[in-house]
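**Student:** Below is one structure. I have some questions about it.
The values are calculated or read from the model by the stated rules, or taken from the named source; none is laboratory data. None of the values given here were measured: they were computed from a predicted structure. Cβ atoms come from the backbone with ideal geometry, glycine included; neighbour counts cover every protein chain shown. Note: areas computed on protein heavy atoms with side chains; ligands, DNA, RNA excluded. Shrake-Rupley method; radii C 1.70, N 1.55, O 1.52, S 1.80 Å.
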Amino acid sequence: MPLTGRGFPPCQRLPAWLFKSNTGGEYYMEHITAKSPKRKSVNYSRWGYLFIAPFFLVFTVFQFIPLVSTFYNSFFQNYRVGLMQIGPKFVGLANYIALFSNADVPTYALNTMIMWVLGFIPQILVALLLAVWFTSFRLKLKGQVFFKTVIYMPNLIMAAAFSMLFFTLFSDSGPVNMILQSLGITDTPYRFLTMTGATRGLVATMNFLMWFGNTTILLMAGIMGIDPNLFEAAQIDGAKSHQMFFRVTLPLLLPILVYVVITAMIGGIQMFDVPQILTNGGGTPNNTTMTLIMYLNKHLASKNYGMAGAVSVLIFFATAILSFIVYKILVANYKPASRHKDEKSKTKKVKV
Amino acid sequence: MSNKEAGTGAKALLTFTRVLCYIFLIFLTILCLFSFYILIVNSTRANSEIQKGFTLIPGKSFLTNFNKLIANDNIPILRALGNSLFISTLTAMLTTYFSAMTAFGLHIYNFKLKKFAFSFILLIMMVPTQVSTLGFIQLITKMGLMDTFYPLIIPSIAAPIVFFFMFQYLASVLPQEIVEAARVDGSNEFNTFNSIVLPIMKPALAVQAIFSFVTSWNNYFVPALVIDSKNNKTIPILIAQLRSADYMKFDLGQVYIMICVAIIPLLIVYLFLSKFIIRGVTLGSVKG
């Protein structure tokens, strides 16, 4: 789902179409960098500024300035105790030191990571499997439209509502416990949300359900972008289907897989809606499902701006590092082939 | 495909694999739909029925539950629906229009800062909104915009990812010549964009309008911090409120109906547009 500027929810994942398969899409950077032939007397270039002005104006006011002021705030002591306002007072790096001196942030970072990994591993495996099946000429699965529609559906569901639904389903007297009891699996209801493993598992399950369809469609597009001649050649050479997968599909899918993993990580760092609603913002049991953004939200809601600033800056740098990798992948993908001097692009040039 | 000699054995294997695939796919389908099925069944049953136990057969109390929810003063559900609809619609319109405009500006014109502007947008694309929320809240507090819809709508004008989509699309459908031809015909640049370029971009606009609408409809983090008064609440905020209320005292029929209201309208829209939406997800990647 697209991240559409400020005021929008965390983009759990960047949309699939951001990543163009290698077969096309060299024209962007080329287009951007190319000198267009000199135009006639009238110079239209100033119109360009006019057209991009609203974007940059709104971006500056509602995203860039807030970002700078967030950084600025992180160096101040600024919070409320009851009705009393403490600060703002310049304290240098004290907020950052406080952040790391207790175990909160490392614990919450670890929580976020555990829940992300628990959801992501099944997600990528299932998505890879389905993508290969759906694109397989040999299998020719029927009802693909139906299955794709169903598995993509949870992606559009409101995360907050989905989480609330899971909360009611898995509450002590909820339908799941009723079903388990009527099947005779248990006499006393499981108290899922008091168990660390179960709560984390539920968060991971929801993340899995919400994202595996999206990943499947993205990987399918990647596989369909692979030159079909390669599969044919492998088949003529007598390759088995698992050999085709490991020797042809997987290596050629590698760039898109890297892209998927890193954008999913960026989304994972932003995990909020699902655990927030499921645990009512408490990160229960015992803070084991508290994520970084939930922690940030807690500080924002209680107007502890100094600490909120420090947490924000931390999250900013974590995502910035990952984002930069994505940026490099995107730019590399969009550069005209002639710019590269490695072998891969040479073959590309020949093909073109 | 399989040779004729190897025929039967390979064929049997293929059928076997296919059956396994279908079993797994059906399993995933059930996994995806099961929770929604329970939701729909329970939303049609009265509180007392829900407490008694679970059945797979829907009840008859859907309308009763729904009317009770509307009558519930603590949950201004209709108001919230209206608010969510209003914010999401405006957001979708602003996002698509201005993203298309920015994409057009960067696609057609050559100016000094063009490359910088493009790289800049690409670079900021992935900065999560949450990290600047602190400054954002302070800013709109100073502007006196707290507890209004403006901070949820206006910022959607700058949507890097939607811009990028529009740019990809424009680059593949709009040759420079069209704009030049319009110039020869005496069209002003702005008119060219509105009356010639926008119609060409209809498919891209539609896809992004849908996605922007859904994203805005589901948005929780920022609205929860901005909106305060009862009458301005959106659906996700009400859901959170429902969760923090004393759950056990609640009429469960109403709880399920409430979740339905948040989910079902989008599901219906999705069922009608699903083909279109799924194609939209990969529009950029399959097109050369």
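**Student:** Along the principal axes of its C-alpha atoms, what lengths does chain B span, in descending order and rounded to whole Å?
**Tutor:** Extents along the principal axes: 79, 74, 35 Å.
**Student:** So how much accessible surface do B and A hide from each other in total, probe 1.4 Å, in square angstrom to the nearest 100?
**Tutor:** Details: alone 18120 and 21520 Å², together 27910 Å².
About 11700 Å² of accessible surface is lost on pairing.
**Student:** Mind putting together the pair-distance distribution for segment A:179-302? All Cα pairs, 10 Å bins, whole percent per bin, short to long.
**Tutor:** Per 10 Å bin, starting at zero, the Cα-Cα P(r) for segment A:179-302 comes out as 11, 27, 22, 18, 15, 6, 0 percent.
**Student:** Right, here's the next one. Which whole-number value in Å² is the accessible area per residue of segment A:143-210, probe 1.4 Å?
**Tutor:** On the way: 2310 Å² over 68 residues.
I get 34 Å² per residue for segment A:143-210.
**Student:** Quickly estimate the mean residue ellipticity at 222 nm for the protein assembly as shown, helices only: each DSSP H run with n ≥ 4 gives -39500 (n - 2.57), and the total goes over all residues, rounded to 500. The partial results should precede the final answer.
**Tutor:** Values: 29 runs with 417 residues, N = 640.
The helix contribution divided over the protein assembly as shown gives -21000 deg cm²/dmol.
**Student:** Let me ask you something else. Rounded to the nearest 0.05, what FRET efficiency do A:ASP227 and B:SER195 give with R0 = 35 Å and r taken as the Cβ-Cβ distance? Could you check?
**Tutor:** Working: r = 41 Å, r/R0 = 1.17.
Using R0 = 35 Å, I get an efficiency of 0.30.
**Student:** To continue, here is another question. Mind checking A:162-172 for the average number of partner chain beta-carbons within 10 Å of each residue's beta-carbon? Each step should come with its number before you reach the end.
**Tutor:** On the way: counts 8, 5, 12, 12, 1, 5, 13, 6, 1, 3, 1.
What the average comes to for A:162-172 is 6.
**Student:** Still on this model: Of the listed peptides B:235-242, B:8-15, A:282-289, what is their order by residue-averaged count of other C-beta atoms within 10 Å, with the highest listed first? Before the final figure, lay out each step's value.
**Tutor:** Values: B:235-242: 23.6, B:8-15: 11.6, A:282-289: 18.1.
My ranking of the peptides, most packed first, is B:235-242, A:282-289, B:8-15.
**Student:** Once you average over the residues of A:265-275, how many Cβ atoms of partner chains fall within 10 Å of each Cβ?
**Tutor:** Partner Cβ neighbours, averaged per residue: 2.
**Student:** With the full set of protein chains in place, find how many percent of the accessible area of chain B is carbon and sulfur; take the probe as 1.4 Å. Can you show the working numbers first?
**Tutor:** On the way: 8320 of 12310 Å².
Solvent-exposed carbon and sulfur of chain B make up 68 percent of the total.
**Student:** Would you work out the relative contact order for chain B, in percent, from Cα pairs under 8 angstrom that are 6 or more residues apart?
**Tutor:** It rounds to 30 percent for chain B.
**Student:** Here is a further query. Considering only C-alpha atoms, what is the centroid distance from segment B:120-167 to segment A:95-154, in Å?
**Tutor:** Taking the Cα centre of segment A:95-154 as reference, the centre of segment B:120-167 is 26 Å away.
**Student:** Would you kindly calculate the mean projected area, averaged across all directions, of the convex hull enclosing the Cα atoms of segment B:13-61, in square nanometres?
**Tutor:** Over all viewing directions, segment B:13-61 projects a mean Cα-hull area of 4.0 nm².
**Student:** Show log10 I(q)/I(0) for segment A:96-253 at q = 0.09, 0.11, 0.20 Å⁻¹, two decimals, from a solvent-free Debye sum over equal Cα scatterers.
**Tutor:** Debye intensities relative to I(0), on a log10 scale: -0.48, -0.66, -1.21.
**Student:** Taking each residue in A:127-138, count the Cβ atoms of any other chain within 10 Å of its Cβ, then average. What number comes out?
**Tutor:** 2
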